[in-house]
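Here the structure comes first, spelled out in structure tokens, and everything after it is commentary.
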Amino acid sequence: MDQNSTRKLIEGQLIRLEGIAFQECMDRMGLELYPGDYQPVRAAGPKGDTKNDGYCPKARVFFAAHATRGETIAKTKAKIRNDLTGCLEQHRDVATWRFLTNDTLPGEVDQFIDNELRTLNPNVTLETWGLKTLSNEICRLSQVQIEKIIDINFTVEPKPIRVAPDPEVPSVVMLDRVKTGRNFWPILSQAHSFGFDEPEDCTDSESDFIITALEVFKEWGEASDILGDSLARVRDAQRSIGGMLEELETKGFIVFAGTKRSLITGGVMPPAPWLTAMIKVVRSPTERPDSSGK
């Protein structure tokens with residue numbers, strides 16, 4: 001299996017996990033990444049897990065594993081703050097504190113970590129490993145190790161992989177206008193695929209420019225997994241996207257976008273969410289599109 005397909009399988013498996021199942025998966029990953037050092041930790045008694053879901057006594061790396069998919073920004077920020085504060089209060093010589101989640105953290109959470117928590121804790125390396133970073137780290141390991149971590153046997157005869165409608169979500173996707181790279185980024189960075197639409201009355205030159213803009217949006221979305229948790233690189237991406245939105249507007253076009261949720265089925269894993277960024281370019285001024293991606 002090629003690395004890109006393996007990465008998608010890993011992402012699909014990770015995004016399904018919640019609670020203890022996600023923590024156990026992260027324990028298996030820690031044992032493979034830090035052989036002979038990583039120590040799983042579980043809550044026991046009134047003291048809980050001492051704000052430590054696993055750590056490396058030699059490397060002094062401490063982990064907090066929390067599945068944040070579908071959680072509010074306020075709850076995620078409070079969880080991160082409390083876990084970090086508790087860990088630093090109850091453990092000595094913390095060199096690196098790493099927050100593990102099976103989601104892509106919103107920009108507001110990432111900014112909170114960088115502007116507030118890193119400023120308050122300059123002697124500790126604070127890291128966040130979201131869905132794409134986790135899948136990339138796991139992808140670097142051998143097939144045997146990957147199978148052990150995500151609890152999938154690649155030797156099982158796979159079923160044909162296809163993207164199917166998710167019966168639990170509406171078939172119509174409501175689109176909102178995106179005015180800045182910052183509010184467009186959550187849609188692009190979490191997408192597994194992209195859908196585009198442009199006005200039917202475009203001239204050749206207009207169509208060529210719109211296609212160029214759409215390719216820029218797509219390339220940044222696909223590159224999001226290699227940007228990692230670098231706030232500076234994400235900001236550069238957002239500025240580039242924002243610049244292209246401004247260029248479109250100077251030519252009389254505005255952009256509406258939304259996320260279409262489907263299911264990826266087949267392969268060797270159970271059905272998992274598949275997100276498509278639906279992007280519609282329209283002439284300005286215009287009314288908001290009712291829907292897209294039926």
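The values are calculated or read from the model by the stated rules, or taken from the named source; none is laboratory data. Everything numeric here is computed off the predicted structure, so don't read it as measured data. Heads up, the Cβs are rebuilt from the backbone with ideal geometry, glycines too, and the neighbour counts pull from every protein chain shown. What goes into the accessible areas is simple: the full protein's heavy atoms, side chains included, and nothing from ligands, DNA or RNA. Shrake-Rupley method; radii C 1.70, N 1.55, O 1.52, S 1.80 Å.
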Taking the stretch 116-140 and keeping only residues that are open to solvent by 20 Å² or more (accessible area, probe 1.4 Å) and either under 19 Å from Lys75 (Cβ atoms) or part of a strand (DSSP E or B) (or both), one is left with Glu116, Thr125, Glu127, Trp129
Taking the condition aliphatic (A, V, I, L, M), modelled with pLDDT of 85 or more and under 17 Å from the mean Cα position of the chain (by Cα), does Leu31 pass?
-> no
Selected residue (only one of Gln111, Gln143 is more than 21 Å from the chain's Cα centre (by Cα) and either of a type outside the set (Ser, Thr, Tyr) or at negative phi (or both)) = Gln143
Residue hits (the stretch 189-239; surrounded by fewer than 16 Cβ atoms within 10 Å (Cβ to Cβ), more than 27 Å from the chain's Cα centre (by Cα) and in a helix (DSSP H, G or I)) are Asp204, Ser205, Ser207, Asp208
Find all pairs meeting these conditions: Cβ atoms under 9 angstrom apart; at least six residues apart or on different chains; first residue within the stretch 206-221 and polar (S, T, N, Q); second residue modelled with pLDDT of 90 or more.
-> Ser207/Glu198; Ser207/Pro199; Thr212/Met244
Looking at (1) closer than 22 Å to Pro285 by Cβ; (2) in contact (Cβ under 8 Å) with a residue 24 or more places away in the chain, which is the only condition Asn183 fails?
-> (2)
Could you pull out the residue among Arg182, Arg177 that is within 25 Å of Met244 (Cβ to Cβ), under 17 Å from the mean Cα position of the chain (by Cα) and either open to solvent by 80 Å² or more (accessible area, probe 1.4 Å) or β-branched (Val, Ile, Thr) (or both)?
-> Arg182
Kindly establish whether Gly258 is in a helix (DSSP H, G or I), open to solvent by less than 30 Å² (accessible area, probe 1.4 Å) and over 26 Å from Asn136 (Cβ atoms).
-> no
